[in-house]
Amino acid sequence: MRVLPSERLISGSSEGDPLPGSHAELPPVIRRTEFVAFALAGLLLIAMVTVLYVAKAFFLPVVMAIVAGTMLSPAASFLERRHVPRALGAVLIVIAVTALVTFVFALIAAPAMEWSSRLPELGAQLKDKLHVFDRPLALWKELQTMMGGSENLPGFQMPKFEWVQPTLEFLSPTFAEFLLFFATLILFIASWRDLRRALIMTFGDRDARLRTLRIVNEIEVHLGNYLLTVTVINIGVGVATGLVCALTGMPNPAGLGALAAALNFIPIIGPVAMFVVLVVVGLVAFPTLGGGMMAALAFAGITFMEGHFVTPMIIGRRLALNALAVFIALAFWTWLWGPMGAFLSSPLLIVGLILKEHLMPVNSPQLPQA
């Protein structure tokens, strides 16, 4: 076959490169090796997500313990500098954290059990209070009739409460998961220093060791700072919510404040759920709609100030997370692992951003600015 001069490849040039004499640049060519690499990376990602989803009973307690242990390891180092053995410090830290969490859940559980036993009665009271919306619904029915829609408008019905028991079963981990979590947490905190050294010494190159050391140190510092700052902020939100509930006459303000502090650990979903709880409790506890909405509106103001002013000012730009990234991470980990995945979404996002900073630094080749 005869080859024209313009079709000949120049030595040293790769496939897809424009000829020196051509006036227009050829479009970028996706080579077969690049396509295979993308396909294999996609299959690997799908396989990893599938394994994490199917083996949730194993991976969730382990990942939860590793993240919590990384957050709490600075406290163990502090106790070790005070001549407390690291193993004993790990046990003391886990006992203290467990006691604090148990105390918070005790404040929440007492009113929750009382209200759950009165669900039919409370549902009937709430239905009576919502008759204030009868006129807007009637106006909507007239508007729908004028526009040619159906005249039959379904009446308001209270939702059924068959979901309560399945939800509690979903939220309650098994004894084996609890045991796996606590055992992994204690052993991780106690042996974190040796694990760090083993991880760093895995690499033979000096630059790789230094980079790994920087990554591990930054993850430990950032997760520790995140836990401390978020805990202090959420305690403040809980105290402010409890005071608002006490001033507005809401029932059990201490339990509502503890619930607000606990739910605020879950980004986006937690404050929204707390707002709904305050609305429902207020409508049941107060005879008027305005009185029932006072605590909920005050809580909305508290969370607005906390989310837009207090948290950015305390955490600062270094730990500031993009809102879209937080939302996508929250949706993904909640879908994958439920409420505990929602709690882990922000710490795992911080770890991912730190890995990106060190493995893909700013001075690496970047796309051109638009």
So, first residue at positive phi in segment 235-256, second residue open to solvent by less than 40 Å² (accessible area, probe 1.4 Å), Cβ within less than 9 Å, six or more apart or across chains; the pairs are Gly249/Phe286; Gly249/Gly291; Gly249/Ala295; Asn252/Pro111; Asn252/Cys245; Asn252/Val281
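For (1) out of contact with any Lys or Arg (no Cβ under 9 Å at 6 or more places or on another chain); (2) in a helix (DSSP H, G or I); (3) not charged (D, E, K, R), each residue gets a yes or a no:
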residue: Thr184; (1), (2), (3): yes, yes, yes
residue: Leu187; (1), (2), (3): yes, yes, yes
residue: Arg193; (1), (2), (3): no, yes, no
residue: Asp207; (1), (2), (3): yes, yes, no
Quickly run through segment 339-356 and pick out the residues that are farther than 18 Å from Thr229 by Cβ and either modelled with pLDDT of 85 or more or of a type in the set (A, V, I, L, M) (or both).
-> Met340, Gly341, Ala342, Gly352, Leu355, Lys356
Residue check, Val54 open to solvent by 80 Å² or more (accessible area, probe 1.4 Å), within 30 Å of Val216 (Cα to Cα) and modelled with pLDDT of 90 or more | yes
Does Ala124 meet the test of being at pLDDT 60 or above and more than 30 Å from Ala260 (Cβ to Cβ)?
-> no
Could you say which residue among Arg196, Arg214 is without any contact (Cβ under 8 Å) to a residue 40 or more places away in the chain, in contact with a helix residue (DSSP H, G or I) (Cβ under 7 Å, 6 or more places away or on another chain) and either of a type outside the set (A, V, I, L, M, F, W, C) or open to solvent by less than 40 Å² (accessible area, probe 1.4 Å) (or both)?
-> Arg196
Evaluation of Met294 against (1) open to solvent by 60 Å² or more (accessible area, probe 1.4 Å); (2) more than 17 Å from Leu243 (Cα to Cα) (one fails), failing number | (2)
Out of all the residues in segment 58-77, which are β-branched (Val, Ile, Thr) and either open to solvent by 40 Å² or more (accessible area, probe 1.4 Å) or under 16 Å from the mean Cα position of the chain (by Cα) (or both)?
-> Val63, Ile66, Val67
So Val276, is it closer than 26 Å to Thr102 by Cα and not hydroxyl-bearing (Ser, Thr, Tyr) | yes
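The values are calculated or read from the model by the stated rules, or taken from the named source; none is laboratory data. Because the structure is a prediction, the values reported are computed rather than measured. Heads up, the Cβs are rebuilt from the backbone with ideal geometry, glycines too, and the neighbour counts pull from every protein chain shown. Accessible surface areas use protein heavy atoms only, side chains included; no ligands, DNA or RNA. Shrake-Rupley method; radii C 1.70, N 1.55, O 1.52, S 1.80 Å.
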